[in-house]
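S.K.: Attaching a single structure in structure tokens format; questions to follow.
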Amino acid sequence: MLKKVPNSYKVEKVNYDKVRHETSVDQSDRQVPYNLRQSGPTKVDMLISTRVRKSPYWHLSMKAGCWRATVYNRIYHPRGYVRPEKGGAMVEYQAIKKHVTMWNVAVERQIRVKGPDAEKFTDYVITRDATKISTMRGRYVILCNYKGGVLNDPVLMRIADDEFWFSLSDSDIGIYLQGVNADKRFNVEIDEIDSCPVQIQGPKSKALMKDLIGDQVDLDNMPFYGLAEAKVGGRSCVISQSGFSGEAGYEIYLRNATLYAEDMWNAVLKAGKKHKLMVIAPAHHRRIQAGILSWGQDMDHQHNPFQCNLGYQVSLSGKGQWSKQTDYIGKEALEKMKQQIKNGEKPYKLQLVGLELAGGKPIEDYANDFWLISNAGGGKPVGYITSPWYHPEKKKNIAMGYVPFEGNLNNNGFPTGNFGKKYKVHLPKKYSSKPVDAVVVPVPFTESFNPNTREVKK
């Protein structure tokens with residue numbers, strides 16, 4: 001007998017004649033506002049065609065039970081393996097919290113910058129100091145446009161002195177990088193390569209990896225964002241201690257993935273059996289807990305780093321990778337913005353904050369809209385939710401979202417939310433028949449296994 005479908009999967013009827021864009025949220029500093037129409041889920045089939053790429057692991061995800069997908073970086077992206085009647089995404093959550101999981105994240109396309117000027121070019125397009133990144137180390141970085149807008153937040157890997165890989169979030173930054181060097185002032189080659197990652201995430205990830213690669217890599221002494229070469233299933237891979245979950249984990253970047261996808265994938269499945277490995281979709285419930293941002297969802301090119309909790313990527317303590325003095329794209333705009341904030345000015349309208357919600361049924365699936373936020377007394381919306389989910393350990397819903405920036409700064413001088421301030425969140429009717437109370441709280445909601453710099457409280 002099939003289980004009852006969780007409330008989060010039930011589809012509400014929407015009167016599309018009454019759906020309207022909410023203009024009370026101040027988006028006047030954006031050229032293209034976020035669409036705040038609450039149109040809900042849409043009953044349409046996803047068209048699979050050759051216009052969008054299938055990754056080398058697409059058929060393997062189907063074999064593993066993938067039942068839904070989205071498009072990310074113009075590649076089909078698996079977003080669900082456990083069906084709703086069997087518990088859905090929260091079953092996958094338990095797998096990453098208790099055991100170990102594998103994700104098909106081939107959509108994180110690898111753009112290689114290689115040549116004598118690779119370091120110089122990379123340093124010019126990212127906000128932190130590329131010269132301080134050692135060979136065979138990775139880093140989380142951002143790229144900004146000349147206005148200071150966040151174009152992408154990839155993991156940057158330095159494979160060799162003259163070779164960097166940009167492991168992309170959801171925007172076609174490869175074409176942008178080629179455009180930056182259209183005049184060939186940097187002696188580099190820039191192009192996508194056939195190296196596709198999977199993520200191994202969860203508390204048993206190291207044990208699985210030890211069984212998988214043996215003594216090829218000293219995993220016990222591998223640092224966070226450390227890189228290593230290893231063979232998996234007899235095929236050449238780059239291993240990184242990193243991930244998108246906040247849990248312990250690794251990423252396996254298979255070289256020549258189109259040719260050897262099955263060899264690597266099946267080797268992971270074999271090694272993972274005794275560790276209760278489950279193939280799941282990217283664990284957005286866990287990444288929200290960790291405050292990890294999703295480009296296109298939590299920020300885009302019209303958000304600057306300060307308003308989406310990435311100000312530390314511009315400068316922090318003045319040490320190491322944040323003491324950057326050389327020029328880079330967006331530096332002038334960001335330095336001006338930083339000074340404005342220091343002077344008590346507000347150079348943008350909305351600030352990304354963490355919210356804990358009081359009330360409402362558990363949110364156990366992806367939001368179909370940017371749900372609206374009003375002041376504590378109610379009234380017209382003043383902000384919107386970007387990433388909500390249920391937090392089982394806290395036994396409440398949590399979310400990241402944008403509310404009016406009030407000028408609050410943390411101990412490092414970077415913008416933050418007004419902790420303790422209360423709002424109302426307008427959840428869909430299936431979660432609550434009336435707006436629920438919410439309070440601004442520090443992010444992360446749950447500390448990561450390897451705390452990112454943005455998580456370190458000073």
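S.K.: Can you name the condition, by its number, that Ile96 falls short on among (1) of a type in the set (A, V, I, L, M, F, W, C); (2) in contact with a Gly (Cβ under 7 Å, 6 or more places away or on another chain); (3) over 21 Å from Lys273 (Cα atoms)?
M.R.: (3)
S.K.: Out of the residues in region 60-93 that are among the β-branched types (Val, Ile, Thr) and farther than 16 Å from Asp365 by Cβ, which is nearest to the chain's Cα centre (by Cα)? Reasoning before the result, please.
M.R.: Looking only at region 60-93, we keep the residues that are among the β-branched types (Val, Ile, Thr), and these are 70-71, 75, 82, 91.
The next check asks that each one be farther than 16 Å from Asp365 by Cβ; those that pass are 71, 75.
Values: Val71: 15, Ile75: 16 Å.
Looking at residues that are among the β-branched types (Val, Ile, Thr) and farther than 16 Å from Asp365 by Cβ, I get Val71.
S.K.: Give region 414-441 a look and list any residue that's under 18 Å from Asp369 (Cα atoms), part of a loop (DSSP other than H, G, I, E, B) and not basic (Lys, Arg), or say none.
M.R.: Leu427, Pro428, Tyr431, Ser432, Ser433, Pro435
S.K.: Shifting gears a bit: All but one of (1) in a strand (DSSP E or B); (2) among the aliphatic types (A, V, I, L, M); (3) surrounded by fewer than 23 Cβ atoms within 10 Å (Cβ to Cβ) hold for Ile252; which doesn't?
M.R.: Of everything listed in (1) in a strand (DSSP E or B); (2) among the aliphatic types (A, V, I, L, M); (3) surrounded by fewer than 23 Cβ atoms within 10 Å (Cβ to Cβ), Ile252 misses just condition (3).
S.K.: Tell me, yes or no, whether region 258-276 has at least one residue that is at negative phi, assigned by TED's automatic domain parsing to the domain that holds Ser61 and β-branched (Val, Ile, Thr).
M.R.: Yes: region 258-276 contains one or more residues that are at negative phi, assigned by TED's automatic domain parsing to the domain that holds Ser61 and β-branched (Val, Ile, Thr).
S.K.: Can Gly407 be described as buried (at least 22 other Cβ atoms within 10 Å of the Cβ), of a type in the set (Gly, Ala, Ser) and either under 23 Å from the mean Cα position of the chain (by Cα) or more than 21 Å from Trp295 (Cα to Cα) (or both)?
M.R.: In short, no.
S.K.: Still on this model: Looking for whichever is out of contact with any His (no Cβ under 6 Å at 6 or more places or on another chain), farther than 21 Å from Asp298 by Cα and at pLDDT below 95 here; the options are Lys206, Lys132, Lys184. Which one fits?
M.R.: When all the criteria are applied, what remains is Lys132.
S.K.: Of the residues Trp103, Trp67, which single one is aromatic (Phe, Trp, Tyr), under 30 Å from Glu393 (Cβ atoms) and surrounded by fewer than 16 Cβ atoms within 10 Å (Cβ to Cβ)?
M.R.: That would be Trp67, the only listed residue that is aromatic (Phe, Trp, Tyr), under 30 Å from Glu393 (Cβ atoms) and surrounded by fewer than 16 Cβ atoms within 10 Å (Cβ to Cβ).
S.K.: Let me ask something additional. Which one of Ser323, Ser315 is polar (S, T, N, Q), closer than 30 Å to Glu119 by Cβ, surrounded by 18 or more Cβ atoms within 10 Å (Cβ to Cβ) and more than 15 Å from the chain's Cα centre (by Cα)? It would help to see each step written out before you state the result.
M.R.: Working: Ser323 fails: surrounded by 18 or more Cβ atoms within 10 Å (Cβ to Cβ).
Among Ser323, Ser315, only Ser315 is polar (S, T, N, Q), closer than 30 Å to Glu119 by Cβ, surrounded by 18 or more Cβ atoms within 10 Å (Cβ to Cβ) and more than 15 Å from the chain's Cα centre (by Cα).
S.K.: Thr127: within 22 Å of the chain's Cα centre (by Cα) and polar (S, T, N, Q), yes or no? If you could, list the steps in order and put the result at the bottom.
M.R.: Working: within 22 Å of the chain's Cα centre (by Cα): yes; polar (S, T, N, Q): yes.
Criteria met by Thr127.
S.K.: Please identify the pairs in which a residue from region 354-376 that is more than 17 Å from Ile288 (Cβ to Cβ) has its Cβ atom under 9 Å from the Cβ atom of a residue that is of a type in the set (Asp, Glu), counting only partners at least 6 apart or on another chain.
M.R.: Ala358/Asp437; Gly359/Asp437; Leu372/Glu22; Ala376/Asp437
S.K.: Name every residue in region 176-220 that is under 22 Å from Lys54 (Cα atoms), surrounded by fewer than 20 Cβ atoms within 10 Å (Cβ to Cβ) and touching a strand residue (DSSP E or B) at 6+ places or on another chain (Cβ under 7 Å), in order of residue number.
M.R.: Asp191, Glu192, Ile193
S.K.: How many residues, within region 150-202, are within 23 Å of the chain's Cα centre (by Cα) and under 18 Å from Thr127 (Cα atoms)?
M.R.: So the count comes out to 20.
S.K.: What's the number of the condition Ser169 fails, among (1) out of contact with any Leu (no Cβ under 9 Å at 6 or more places or on another chain); (2) assigned to a loop (DSSP other than H, G, I, E, B)?
M.R.: All conditions pass for Ser169, except number (1).
S.K.: Something else now. If Glu335 satisfies every condition in (1) acidic (Asp, Glu); (2) within 30 Å of Phe186 (Cα to Cα); (3) in contact with a Phe, Trp or Tyr (Cβ under 9 Å, 6 or more places away or on another chain) but one, which is the exception?
M.R.: (3)
S.K.: Sticking with this one: Does region 340-356 contain at least one residue that is among the charged types (D, E, K, R), surrounded by fewer than 20 Cβ atoms within 10 Å (Cβ to Cβ) and closer than 22 Å to Tyr34 by Cβ?
M.R.: Yes; the residues of region 340-356 include at least one that is among the charged types (D, E, K, R), surrounded by fewer than 20 Cβ atoms within 10 Å (Cβ to Cβ) and closer than 22 Å to Tyr34 by Cβ.
The values are calculated or read from the model by the stated rules, or taken from the named source; none is laboratory data. Predicted, not measured: the structure shown is a model, and the values here were computed from it. Cβ sites come from the backbone with ideal geometry, for glycine too, and all protein chains shown count toward neighbours.
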